[in-house]
Structure formats: structure tokens, C-alpha cells
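No value in this document is a laboratory result; all are computed from the given coordinates. Please read these numbers as outputs of a predicted model, since none were measured by experiment. Here the Cβ positions follow ideal geometry from the backbone for every residue, glycine too, while neighbour counts run over all protein chains shown.
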Amino acid sequence: MKANPQQMRVTQQWPCAAPLIACRFDPSGEFVFASTEDYTVQRWRMADGHKISYPVAHESWIGALAFVDKGKTLVTGGYDGRILWWPVSGDKPQPLRAIDAHAGWVRTLAVSPDGKWIASGGNDHRVKVWNAADGKLVHELVGHASHVYCVFFHPSGALLSGDLQAELRQWDVATGKTVRTFDAKALHAYEPGERVDYGGVRTLALTGDGQHLVAAGLFNGSNPLGAVNEALVLRFAWRDQKKVRQHLVPGIQSLVWRVIAHPEGFLIGGCAGTSGGFIACWKEDVEKDFFRFQLPTVVRDLDLHPDGLRLAAAQYDKQLRIVTMAPKPA
Amino acid sequence: MLCDYACRSVDHRMARRDFLGGLAGGMAAGLGAAGGLGVLTRPAAAAQLSKEQKSVICIYLNGGASQLETWDPKPKTDTGGPFRAIPTSVPGMHISELLPQTARVMHHLALIRSINTNEFDHGLGLYCMLHGRRQTPASEYPELGAVAARALAPENSGLPGHVKIYPGGTGGRSADSAYLGPKYSSVALGGGPPDNSRRPDGLSDAADLQRQRLRRSIDARFAQRRRTAMTDAYTQNYEQALDLMKRRDVFDVTKEPAAQLERYGKHDFGRHCLLARRLVEHGVTYVQVFHTNYDTHNENFNFHMQQLGEFDGPFAALVTDLVERGMWRNTLVVVLSEFGRTPTINQFYGRDHWATAWSICLGGAKVHPGAVYGKTNANGTAVVDKQVDHANLFHTYLAAVGLDTTTSFDVAGRELPMADPASKPIEELVA
């Protein structure tokens, strides 16, 4: 069945004890995981909503989730600077491994297409590459001058990273050198009155045809401390880094926490704003979103199920919502 | 204030004698003659204080710094957020991990964790914290800096007693001294010497001396028949400006050794802390340093990381520097905001205004080092022990620099209390 975003509806809603931060489906689609502000990870079985809570093992919030070992192992990145490995299945999971990864928050994780490497980015301005099987540090990439917000592997194995000041780099991991950069500066704001850097490359995606790299976050941050800003998605040609287009959510103050390139060619953004949370959708060649699905509160993270029909939204009101992009069965 | 100098009141006779004596010496107008006729009603106390001049450095974290991300962390609670608490140089005292350098000097400092001002508005909250009273249309009270300058500044100091440092400050005065008069109102600095404080290159010493003599002569002749408090203030401002120009280098942090500039950091806040130390070292009695912005309704954690990342090093450097120079026992340092921030984290990872359970940090002078006064509950939503308010804090600052806060200022025959007489200092905190 093809996804029809304009028929989005909440099909499941599962409560947690604390506001949610990040969410991901495991590669098989059997489970969905979410991290919460009480330092834990929750796992729900998609078929029936059966939930278990992973034990607290991080000393802080968990900001990033990823999967290795063909989806059998969950990897969590915490604001305590550590990365932990966990079993995906079983009702009493315990950490399999813990490493001290960054001096400061681990903000982002990504797994290489061949499953061998985990890339992490942190508040120490570093991008690090780890052996997924044993947790050993393989490469440390130095060059960012601010917090690394996002890491992303291209299907070719190329590694990209974006930071608070909207530097977007592609690395030669073997040499540690930056191969090229994409001009994502529009995603950064420095507000001289409030004297803060704001925005950054919050999320990256690659379109299904491999033609475009998409970076998203916010712009027009005229009052960062008051969340006065607008969502912005930048689309670059992968081949030559040229900016092809920008995508907007006109008329409301918001930002994009996560952008997903749907295999059927449209972009989906999990958004938060002063008017609440929503999921926005954009067509490739149109600047304005073609559909907006309002949710009760801000969307802090979003993920697409392997079936291409369902989305998981991590929300502030302590709910994980499953949104289905298909009409109700007759 | 239009003052009838023919009324022959005791105050006026004192003021006239001092004024004329000051002019004869070529110095600024004398005791209280400019901007009012205030004089402590206990001159013996003033004499005692003059032996060991005390000073105050107030660091104002504009916008409302989060107590949970600074002085009263609550990790692993529903309100604690992602940051951890770290041990400090005081056994048993923990503060936020965002202040690692400050943690190493906490044995010089104290915390008050039980503040309830119940004022959630920026302007009104700041008024409370800097005046020790709530704002009321009935009266205007002097700010802490004006009170400290009035009570502590040497009478013939060539430097202003009340200085505020913030980006964009140009040397102008603010109206924050109320009935104490413009002599004690703050001079705003932008991090260097006041604007227009350098004599134009084409004006020689001799020419300038001639100009000043002419001005004084004309002013004195005018004052013989038309002297008022306003003319006194006018004269005093000119004399102070002249003295300040002679001591312009005091305001120039580039005169400091490179190692000091490096230690404090080369951004504005670092340089401003260094300037504050420099001014206090040269006899300025109150310096307020401004750091912005902590009003983090949105992305509280990201922005506190940025702001405290800038605050931590220079603040720790300032404390250490004052200690090393032997200035700590005569200098009160206070770190305050207009309020704290909500324990509840909002949907934008922000915290909102919160004035019923929050904290400040202070130290030096007579403050007990390493003390923690007051307590909040497990998740910081309420004070559970030794609640205090802005009036208590105001009294405490003044007591810490050796002032008797039951004292009044005599202003044109009226006794006006130094601090809110309905309150008192936190006696446990002050030696």
C-alpha cells in the first residue's frame, strides 16, 4: 500500500512516565523504542503495545538511539557522554557494553550501511567512529567548532556531520580530513541581544533516489530564548553540493527536529512550535509544505516504520504516538 | 531638589563648611553637599569603616539564571534535567556540572538556596533584588550600589562609587540613587574608560588649567547668591569628571599583564570581571557586572551551557584573583538574578520564571566561606528550611561589608533607613 500523508491519523498512543526525547523503530519494525526524561528507554511491541522499560544505566538523558548487529542490538547515546549497547529483545534487558565516548553530551548516533561502524557526535565538537562489534574507537574526526548535532551515513559509506553553527561536513573517515562542505549557514543564527548561538543542523536525510541531501532545523531566530523562529529545510544536490531548494512551513513559529525522506519521494518533518506540534510534508519541487498534521503537543523526534506507512512521534505530553499515513480500513 | 541655603539648618551649615573647604582644596564638593545632604547619623561608624575600605562586586545574571543549572541541582528527579551535580571544594556541597571551575573555589563562597521573593516579573524582580524592597508608587528607594557607595566610598574619591559595566555602557549616569542624590548614582561603563574621558589632543595642560580656573571662579561667584543642591550636583559632577580623567587608566584593562587577560578570558564578560577587580582595587566601592541572557523559556539546557560556559572561568578567576591579592576579606562578591527558573521543564526544553524557591551565591568580606544557607525540597519546587527574601538579602550584603543595617541616612533632616527596617540580615551567614 502506498502512503497517503494527507490521510494521517493517530492509530496508537502509548503513555510514559516522563516526557519523551527520541524515538526509533528497530529495523525489523517489530518494536519501537523511545527515550524519556527519566533517564530510561521504553520499548513497545508494535503488534500489541506490550511495553517494557529498560533499566536506568545512563547518568543523564538519552538523546540518541541506533541499531547494530542486524537489528539485534540497540545502541543508546547519553548526555552523560556514554554509549551503551543493549539487547533489542527479551523482557529483562541489561547493558551489554558501556563506553565513555565524548567529553559532554552524546547528541547523535548513526550506523554505517554495512553495520560495521557507529558514528557519534557530541558537545566536545568531535565526531567519533566506533567498531560496532566491540566498541573500540576507530577514528576521531576533528574540525567542528561547536556542538555536533547530527551525524549521518550516506549509502556509499560517506559520513556527514552537522553542528550548532550549521557547518555541514563530509569526511574521509580514513584520513580524518573534510572532503567537502555544504552551505547550510542559513540554519544558524547568532542573536546579539541575547548573545546566543541558535539553530544548527538538527537533522539530515538523503532522498530515496540518492540525488538530494536534506538538512533541516530553523531560521529567522529573532528571539531564541522565546522560541521565535521558523522551520527550514534545505535541499542540496548530492553531486555538487548546490542548494536546489528550501522548504518552509509558512505562517507559524516552529523548527524541524527530524526530517525523513520517504521512499515515495516526499519529505516528512517532525516539528515543534509555539502553536504546538505537527508533522509537515513537502514535495520535492515545492517550497511550501503540502500537508500539516497537528498533534496535541510538540514533536521532539519522529521515525518512519519499515512499512513506510507508520510514523512514531516522541512527544512532550508523555505519549508515544503512532501516526498512520493511510485511510481507516473500510 | 531646590535647597534654601539661607535656612541655617544644621545640615546646611555642615554642608556649606565642607563645600567651601572642598573648593579651597581644589577637590570635589564635600560631605553630602552634592545631590542631597545625606550623612550617616553615626559618624563614628563611618570613621571606623574608612580604615579598611570595603567594596562590593555584584554579578547580575540577566534574565533569571536557573538555580537547577547552577547552585541547587536536583539530578535524577522529575525536574532535574540532564545535567549532573558535581562535588565542590566544600565537602558535601554540590553544584551543577556546568560550573566546574567555580566548583573548585566554592570554599571561598557561600550559597543561599531558600529564596522566595514571589516576584515573577523581570523588572519588578530586579527591583526587589537591587533595592531590598518591592517597588511601590509611594516611594523611590536607592539601589544597593548607591547605598554601598554612600556608606562606603571615601568622601574625596576621584572615582565614582557606583559603577555598572555592560556592553554599550558609555559613561552616562542613571537615576538609581533616589534621595541619596546623583553623586551616588551609577556610572555605566562599556568595558573601558567612559566615553569622552580623554582630553582632546589639541588642549595643553596649561590651557586646560586656565579653563578650569575660569569655570570655578564663575561657579563660585554664581553660588554666592544662587547656590542650590542642583548647582552643587553640577559642580560635583564636573570635579569628579576631572578626577576621573586623570585616572582614566584605571578603566583600561589592557594595562593588565597578558597573563591576567588570558586568565579572565578575552570575551566581554571576562574583561568586565577583570575591570571590576581593577576598579575595586583602585577604590571604587560598588561595581555591578552584567551577563546576559538567562531567560531560557526555550532550550534552557543548550543556552545555559553557552552562558555558564562563558561565566564559569572568569568568575572563578575573579574569586581567585581577589583572594590572591588579599582583597577577599574586604570585598563582597554576589551573583544574583531577578529570579530563578521553574523546576518543571516545558515543552521546548525550557524553564520559565520562578521566584518562590531559588538561589544566589555570595562570598568574601564577612560571609562565612563554604556555608550553605537554607534548603529546597527534593525536586526544588518549594523552600523547606530557612526561607528568606530580597529584604533579608539586602540586609545581608550590607552587613557583610560591616555596615549596621539598622542605621539611617539623614537626608534633609529626614531619617531614611539604609534597608527595610521590617527585615534583618541572615545572621548565620555573616561573621
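Binned at 10 Å from 0, what are the whole-percent values of the Cα-Cα distance distribution for segment B:81-215, short to long? Per 10 Å bin, starting at 0, the Cα pair percentages come out as 10, 22, 28, 24, 10, 5, 1. State the number of lysine pairs found in segment A:54-185 whose Cα atoms come within less than 20 Å, restricting to pairs 8 or more positions apart or on distinct chains. Lysine pairs meeting the criterion: 9. By the count of other C-beta atoms within 10 Å, a proxy for reagent exposure, B:Cys58, A:Cys281, A:Cys23 are ordered fewest to most as A:Cys281, B:Cys58, A:Cys23. With coordinates expressed along the principal axes, the C-alpha atoms belonging to segment B:231-365 extend over 55, 43, 26 Å, beginning with the largest.
With the convex hull drawn around the C-alpha atoms of segment B:191-309, the volume per residue stands at 161 Å³. Counts of other chain beta carbons within 10 angstrom of each beta carbon in peptide A:30-37 average 1. Mean per-residue shielding of peptide B:287-299 is 4, counting Cβ atoms of other chains within 10 Å of each Cβ. Which shape class applies to segment B:137-228: rounded if a/c is under 1.5, otherwise prolate when a/b exceeds b/c and oblate if not, where a ≥ b ≥ c are the square roots of the Cα gyration tensor eigenvalues? Oblate. Here's the picture: charge each Lys and Arg Cβ at +1 and each Asp and Glu Cβ at -1 in the protein assembly as shown, and of B:Phe339, B:Ala431, A:Val298 the one pushed furthest to the positive end of that dipole is B:Ala431. Here chain A is treated as an ellipsoid with the same Cα gyration tensor; its semi-axes, largest first and in whole Å, are 26, 25, 19. When Lys and Arg each count +1 and Asp and Glu each count -1, what net charge do the other residues less than 10 Å away from A:Pro19, Cβ to Cβ, add up to? With Lys, Arg at +1 and Asp, Glu at -1, the net is -2. In terms of other Cβ atoms within 10 Å, B:Met305, A:Met325 run from fewest to most in the order B:Met305, A:Met325.
For A:167-180, what's the mean count of beta carbons from other chains sitting within 10 Å of each residue's beta carbon?
0
Relative to one another, the C-alpha centroids of segment A:188-261 and segment A:288-330 are positioned 20 Å apart.
Building the convex hull from the alpha-carbon atoms of segment A:54-185 and averaging its projection over directions returns 7.4 nm². B:Ile345: net charge of surrounding residues, Cβ under 9 Å, Lys/Arg +1, Asp/Glu -1, itself excluded? Cβ neighbours under 9 Å give a net charge of -1. Please compute, over every Cα-Cα pair in the protein assembly as shown, the percentage with a separation greater than 38 angstrom. That fraction is 47 percent. For chain B, the share of alpha carbon pairs falling in successive 20 Å distance bins from zero is 26, 54, 18, 1 percent. Pairs over the 24 Å Cα-Cα cut-off, from the set B:Lys76/B:Lys375; B:Lys164/B:Lys266; A:Lys318/B:Lys76; A:Lys318/B:Lys74; B:Lys366/B:Lys386; B:Lys183/B:Lys255: B:Lys183/B:Lys255. Taking the number of Cβ atoms within 10 Å of each Cβ as an exposure proxy, the fewest-first ranking of A:Met46, A:Met8 is A:Met46, A:Met8. Taking one quarter of the surface of the convex hull spanned by the alpha-carbon atoms of segment A:193-330 gives a direction-averaged projected area of 9.3 nm². Helical runs assigned H by DSSP (4 residues or longer) give chain B a calculated mean residue ellipticity at 222 nm of -10500 deg cm²/dmol, each run adding -39500 (n - 2.57) before division by the residue total.
Can you check what the net charge comes to around B:Cys128, using other residues whose Cβ is under 10 Å from the Cβ of B:Cys128 (Lys, Arg +1; Asp, Glu -1)? Write down the numbers at each step before the final one.
Numbers: positive: B:Arg133, B:Arg134; negative: B:Glu119, B:Asp121, B:Glu338, B:Asp389.
Taking every Cβ under 10 Å from that of B:Cys128, the sum is -2.
With a simple spin-label model that places each label point 7 Å from the Cα along the Cα-to-Cβ direction, the separation between B:Ser89 and B:Asn156 comes to 3.9 nm. DSSP beta bridges fully contained in chain B are about 55 percent antiparallel.
Filter the DSSP H helices in chain B by two things, a Kyte-Doolittle mean of at least 0.0 and an axial alpha-carbon span of 24 angstrom or more, and list the hits by number. Taking the DSSP H segments of chain B (at least 24 Å long, mean hydropathy at least 0.0), we get B:300-324. Calculate the tail of P(r) for segment B:334-431: the fraction of all Cα-Cα distances greater than 16 Å, expressed in %. Counting pairs separated by more than 16 Å, the tail of P(r) holds 63 percent.
Quick one: Cα convex hull volume of segment A:38-95, Å³ per residue?
79
For the pair segment B:167-222 and segment B:110-147, the centres of their Cα atoms are 30 angstrom apart. Take each peptide in A:234-245, A:53-64, count the other Cβ atoms within 10 Å of every residue, and average; sorted highest first, the result is A:53-64, A:234-245.
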